[in-house]
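Step one of this worksheet: look at the structure below.
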Amino acid sequence: MGDSYIILKTTALRNGSFRHDLHYWLGRDSSQDEAGTAAILTVELDAALGGRAVQYREVQGNETEKLLSYFRPCIMPQPGGVATGFNHVEVNEQEHVTRLYVCRGKHVVHVKEVPFARSTLNHDDIFILDTKSKIFQFNGSNSCIQERAKALEVVQYIKDTFHEGKCEIAAVEDGRLMADAEAGEFWATFGGFAPLPRKTSSEETGGDMDAVVKLLCFNQGTLEPIGFESLVHELLEPNKCYLLDCGAEMYVWMGRGTSLQQRKGASEAAEKMLFDGSRTKSHVMKVIEGYETIMFKSKFSEWPATPDLKLSSEDGRGKVAALLKSQGLDVKGLMKSAPVKEESESYIDCTGHLQVWRVNGNKKTLLSSTEQSKIYTGDCYIFQYTYTGEDKEECLIGTWFGKKSIEEERASAISQASKMVQAAKFQATMARLYEGKEPIQFFVMFQSLQVFKGGLSSGYKSFIAESGLDDDSYSEAGLALFRIQGSGSENMQAIQVDAVASSLNSSYCYILHDGNSVYTWIGNNTTSVDHDLVERQLDAIKSELPSRSQKEGRETDKFWELLGGKSKYSNKKIEREQESDPHLFSCILSKDGNLKVKEIHHFTQDDLVAEDVFVLDCHSYLFVWFGQEVDAKVKTQAMDIGEKFIASDFLMKNLSRETTIFTVSEGSEPQFFTRFFTSWDAAKSLMHGSSYQRRLAILKGGARPLIDKPKRRTPAVSGRALAQDKSQRSRSMSTSPECHRIRGRSPAFAALTSTFEKPSTRNLSTPPPAIKKLFPKSTGPETSKQTAISELTSSLEGPLRSSIPKHLRDKAIQEDTGGEDEAEDDEGRTIHPYERVTTTSADPAPDIDITKREIYLSISEFRDKFGMSRAAFYRLPKWKQNKLKTALQLF
């Protein structure tokens, strides 16, 4: 309490730079001279770090929530000071002193020691009474659940720190009087019960803080007031320092053109002003031009959008490291640069089961598995994706709005998707997506996706008819140009664009078709991955026709003719909004519809309390999380809360109204949400009761009372949404012919395994008996498939093997080895020499199927040309078959 301290918090940001927060903390008994010295030293340290840190003046008992978030659960300053300051107060550690503390705060806790007297207690606050053998928490009748839960963290801290974990805990509710044994014991320490006084309104206010906002300029040691009608950014000059006095808080703004001496002088003047005005408890924040905080910017009527400044801090870190090392401190790691965060992974299983509905007016139409990957920019869609999570079956229900979809069908999609989530008792994550703003999870669900122009919904058709617009919906026989994008076979898209040369981009590959003419265009900046993707998408769009490859710069006249002639086009990759450093906010939706927002600094999982709603803002998308104790009506408003948060733009980053929104309920958090927390314990959400009841149970019992749960829970979604196809929990385990055949599994092979599976009860993430993993990702498709088949046939012995029909066993094995026997011969085949079946043959063979020229080759010639057996060739994906055939002039 007799000392002053400087705290430096450095955070590595995703863009590779650092953010510095400097706090100087003034103990209750520190002198004005010490406070001034701390302020000056903070300015010097900031200068050594490159002059970009935000500086905070902290006073004991009135610390900012940001500082308190570093020292969870609380700060409890000790009496005395170091030898160079006040005389150190000797405390008799053998004798425990009974102390009374008051705790305030829902997210971080302000703890203050108060006089141990009955008159100190009131109905509004929470008090902790620390006696030698027992710690009491007294909950005022007007205190909230969240504050009570946070105060219990302080109780735990006192127990562990001052009692070595060996003392009893008691919770006393205001109003229970002597009827409760623990309440009687509590009141006995105060000499008996008596009515509690009202809390005085002036307590902890520190005077009138609702002062008129003033702007003052520092000029040669004096403060000159600046008159203004509206507080605008243009009032601040880069070669001067200013003080913005807002009453409860003050800001010192330092222009980038100011000298170190100017900044020191401004800090000294601000300290002197506080002490002279008896406002020692006011918060003071010092900001550098270009690194202003959101709170500072919000004080102005307008603030121009400026790009984030990124200055090199190598020299600054070197100076600070040298300073600390000279004092014998460990500086390991201080000189390391912050790692640049790469594009995020999907954090979602790509082998789940997908269902897609097209919205038609107020109804929805389920699409078949072959059609669900083909969506139109004029339509709205609802999707449901169930997949295996870390410890349970997860479900994601969402909407996708095409760029040209109509508002009526968008509203219908949201309404219908919300009903599906409500039917699932809010255990499913809900998503609202717009075309062009999709997160990676959306693309991974589909794996291969084609987005066409136009639309098929009744609403879209009616709209263009009423508006007199031409229907440009995609036609397989017409002219169409597709941009191919993605990162691999589990994330690839073909996006139809205007069929003109200006739509091309050197960083992408394209597919162009017009009737029976098919071209692929390879940009000069593309990679082998892009070339692979265009072949795969060609198989999805025009697999039955041969294509002509066009290298950028060597196109044919016919290619340009289809595009209407040459024109300029871009060579830069289309930038998608990247996720930024996450920010967590507590959100309260008032009765008048306004959203009250408060940022939670240095957040952890424990900040997500069961009674509240939170928003996790990652810029490119945001999550609305609600606890189990939140009112059901508020849960249904989660998407609205997300939209209001976007509209408020609290971080002043011009969030797009089309930003992706996820709604997440406590206990059903997907991994792509939990990854933003340093650690995550899924078991915490399995506890009963309010946040206060849960923490009290842990504190008093020493163990977490969990709900009995199986190793893997049943799917989160039930009811009509899943009743249509309960057997299709996973695309990789489905026996339905409508389901995608991924990882090389045929319907017969799936039917074979299904004879000893019970989809309604079996854990779908667990492979069939005696097979550890059917198709391990660590091996190639050929090896893994053959291994699985041999393991399967060798493991089906006894009653299990005999219970499976022979024709099913034979068909499964035959289909999964390509449908042909390795011991085939040419008897009965029509054979032609290779030279007569090529596309460039001078003497072509008559009456052949030009789409299957390879079938007319003899066994030996087939092996010689393709380097593999016919059976091995037909096990390849269609796009790869076509690629090999094209190279041999057979396609």
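Using a 1.4 angstrom probe, figure out how much accessible area the stretch 368-410 has per residue, in square angstrom, rounded to the nearest whole.
29 Å²
Can you tell me what the convex hull of the Cα atoms of the stretch 394-539 projects to on average, as an area in nm²?
Approximately 10.2 nm², given one-decimal rounding.
Please work out the FRET efficiency for the pair T636 and Y70, using the Cβ-Cβ distance as r and a Förster radius of 30 Å; give the result to the nearest 0.05.
0.25
In nanometres, what is the gap between the two model label sites at S31 and S467, each 7 Å from Cα along Cα-to-Cβ?
Distance between label points: 7.6 nm.
Return the sequence-ordered ³J(HN,Hα) values of the stretch 460-468 in whole Hz as given by the Karplus equation 6.51 cos²θ - 1.76 cosθ + 1.60 applied to θ = phi - 60°, using x for Gly and Pro.
Karplus-based 3J(HN,Hα) across the stretch 460-468 equals 5, 4, 5, 5, 5, 5, 5, 8, x Hz.
All other residues with a Cβ under 13 Å from the Cβ of L243 taken together, and with Lys, Arg as +1 and Asp, Glu as -1, what is their net charge?
+3
What distance in nm lies between label points placed 7 Å from Cα along the C-beta direction at H233 and R657?
The modelled label-to-label distance comes out at 2.3 nm.
Using the alpha carbon gyration tensor of the stretch 459-569, what are the three equivalent-ellipsoid semi-axes (square root of 5 times each eigenvalue), largest first, in whole Å?
Here the semi-axes work out to 25, 17, 14 Å.
Rounded to the nearest percent, how much of the accessible area of the stretch 442-510 (1.4 Å probe, protein heavy atoms only) is carbon and sulfur?
49 percent
If packing is taken as the average count of other Cβ atoms within 10 Å, what order do 223-235, 44-56 fall into, highest mean first?
44-56, 223-235
Ranked by accessible surface with a 1.4 Å probe, highest first, in what order do S489, S69 come?
Descending accessible area places them as S489, S69.
Search the structure for amide H atoms under 5 Å from the amide H of V613, placed 1.01 Å from N in the peptide plane, and list their residues when 5 or more places away or on another chain.
C587
Report the gain in length on full extension from E555 to K132: 0.36 nm times residue separation, minus Cα-Cα distance, nm rounded to one decimal.
143.5 nm
In Å², and per residue, what accessible area does the stretch 602-672 have when probed at 1.4 Å with the other protein chains present?
In whole numbers, the stretch 602-672 has 34 Å² accessible per residue.
So how strong a dipole does the stretch 118-181 carry about its Cα centre when Lys and Arg Cβ are +1 and Asp and Glu Cβ are -1, to the nearest 20 debye?
The dipole magnitude comes to about 180 debye.
If packing is taken as the average number of other Cβ atoms within 10 Å across a peptide's residues, how do 542-553, 21-32 rank, most packed first?
In decreasing order of mean packing, 542-553, 21-32 become 21-32, 542-553.
Starting from the coordinates of the alpha-carbon atoms of the stretch 398-445, obtain the Kirkwood hydrodynamic radius over all distinct pairs and give the value in Å to one decimal.
Taking every pair of different Cα atoms in the stretch 398-445, averaging 1/r and inverting gives 11.5 Å.
Please report, as a whole percent, how much of the solvent-accessible surface of the stretch 22-86 comes from carbon and sulfur atoms (probe radius 1.4 Å).
Ligands and nucleic acids excluded, carbon and sulfur reach 57 percent.
Would you tell me the accessible area of E490, worked out with a 1.4 angstrom probe on the heavy atoms of the protein chains, in Å² to the nearest 10?
Its heavy atoms expose roughly 70 Å² to the probe.
With every protein chain kept in place and ligands, DNA and RNA left out, what is the accessible area per residue of the stretch 102-197? Probe 1.4 Å, answer in Å².
Value for the stretch 102-197: 42 Å² per residue.
List the relative contact order of the stretch 484-638 as a percent without decimals, with contacts defined as Cα pairs under 8 Å and 6+ residues apart.
Contact order relative to length: 18 percent.
Length gain on complete extension for the stretch T365 to S502, per 0.36 nm per residue less the alpha carbon to alpha carbon distance?
Stretched out fully, the T365 to S502 stretch lengthens by 45.7 nm.
Roughly how big is the stretch 463-591's charge dipole about its Cα centre, with Cβ charges of +1 (Lys, Arg) and -1 (Asp, Glu), in debye to the nearest 20?
For this selection, approximately 420 debye.
Using a 10 Å cut-off on Cβ atoms, rank the peptides 261-274, 589-602, 628-641 from the highest mean neighbour count down.
261-274, 628-641, 589-602
Amide H to amide H, which residues 5 or more places from C509 or on other chains are under 5 Å from it, using H placed in the peptide plane?
Residues meeting the amide H criterion: I484, G523.
Out of all DSSP beta bridges in the stretch 376-523, what portion is antiparallel? Express it as a percent rounded to 5.
The answer is about 70 percent antiparallel.
Given an 8 Å cut-off on Cα distances and at least 6 residues of separation, report the relative contact order of the stretch 37-157 as a percent.
20 percent
Label points 7 Å out from Cα along the Cβ direction at F193 and L13: separation in nm?
5.6 nm
Taking 0.36 nm per intervening residue step and subtracting the Cα-Cα distance, what contour gain separates A872 from S648 on full extension?
Additional length available on full extension: 74.7 nm.
The values are calculated or read from the model by the stated rules, or taken from the named source; none is laboratory data. Since the structure is predicted, the reported quantities are computational estimates derived from the model, not experimental observations. Reconstructed Cβ throughout: ideal geometry from the backbone, glycine too, with neighbour counts over all protein chains shown. Protein only, heavy atoms only, side chains kept; ligands, DNA and RNA dropped before computing areas. Shrake-Rupley method; radii C 1.70, N 1.55, O 1.52, S 1.80 Å.
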